[in-house]
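One structure is given here, and the rest of the page talks about it.
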Amino acid sequence: MNIKLPHSPGRIRSKISVHNDSYGLVVEKANLLIPDISGFTRFVHTTDEVTGNMIIYRLLSAIMKSNILNLKVAEIEGDAILFFKKGKKFTPEEILKQYDLMQKNFNWEVSRLSEEIGEKIDLSLKLIAHYGPTADYKLSGFHKLYGKTVIAAHRLLKNSIKSNVYVLITDELLEDPELFLQNHPGFERGSKNCKIHGGLRNISFVYFDYEKGVIPSSLLDHPGKDMIKV
C-alpha cells in the first residue's frame, strides 16, 4: 500500500494501491430493494421499548421471510432493510410481485399484533427499488455495500410522494420509462435531486400509490402470491 500525502495542509488526498483480493472488493451492478416502515418514528415515541422491540422484530421478520427473489441482506437499520442481488436487473413485474407479498405478510402481522396487544398499530410499508454499480465486501461475516448507487437508494426514501404505501422504481430499472407509464395506468412520474459525493444528481422514477388504487392482478399472478405464515 503506497500513500502519498499532499504538501497543502488544508486538503488531504491519498493515492492508495488497493488489491481486490486483500479486501474482497468486487464492483458489479446490483438490484437494491429497500422495504421501509412508514410511521416508525412516531411509533418509537409512543410505544415502550419492550413492546416496540418485539413488534418491529416480528414485522422485519415477516418482510425477510417474504423473500421470493433470493435477495441478500446488506443492512438492517431500525425501520428498513437493504436487500440486494447482483446481476441482471429485475423487471418491474418481479419487483411488484415481491412487494405485494411483503406487504401482505406485513399487514397480516400488523393485524395479528394489534389483536395481541389490544391496540391498533398504525404502521405501513413502502418500497424503493434501484439499480447500478456497487462495491460488495464482507466485514466480520456481514455483507456490506458501498457506492453512489447505495447512497442514492437511501436518499430516495426522503421524497415528495404524499403517501405511506407505495412502490418507487427508478428509471435505471426500466427499459423505456415513458412506455412503461403508458402501459401501466396508475403509475406516476417523479424525480428527486440527490446530493451525492458533493455533486447534485437528478434521479427519475415511477411510482404506484397504493393509497389511491390497487395494482392489476395480471401483474401479480405468481406462485408465491399467497401469504406466508411467519
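What follows draws every value from the coordinates through simple rules; no lab data is involved. Fair warning: this is a prediction, and the values are worked out from it, not measured in the lab. Counting neighbours? That spans all protein chains shown, and the Cβs are built from the backbone with ideal geometry, glycine included.
Counting Lys and Arg as +1 and Asp and Glu as -1 over every other residue whose Cβ lies under 15 Å from the Cβ of I161, the net charge comes to +3.
Using the Cβ atoms and a cut-off under 10 Å, what net charge is assigned to the surroundings of K86, where Lys and Arg are +1 and Asp and Glu are -1? Charge balance near K86 sits at +2. Note on N202 and E115: the model spin-label points, each 7 Å out from Cα along the C-beta direction, lie 5.0 nm apart.
Do you know the relative contact order of segment 26-217, to the nearest whole percent, from alpha carbon pairs under 8 angstrom that are 6+ apart?
Once normalised by length, the contact order is 24 percent.
Label sites at K29 and S191, each approximated as a point 7 angstrom past Cα along Cα to Cβ, lie 2.2 nm apart. The calculated FRET efficiency for T46 paired with S160, based on their beta-carbon distance and R0 = 22 Å, is about 0.30.
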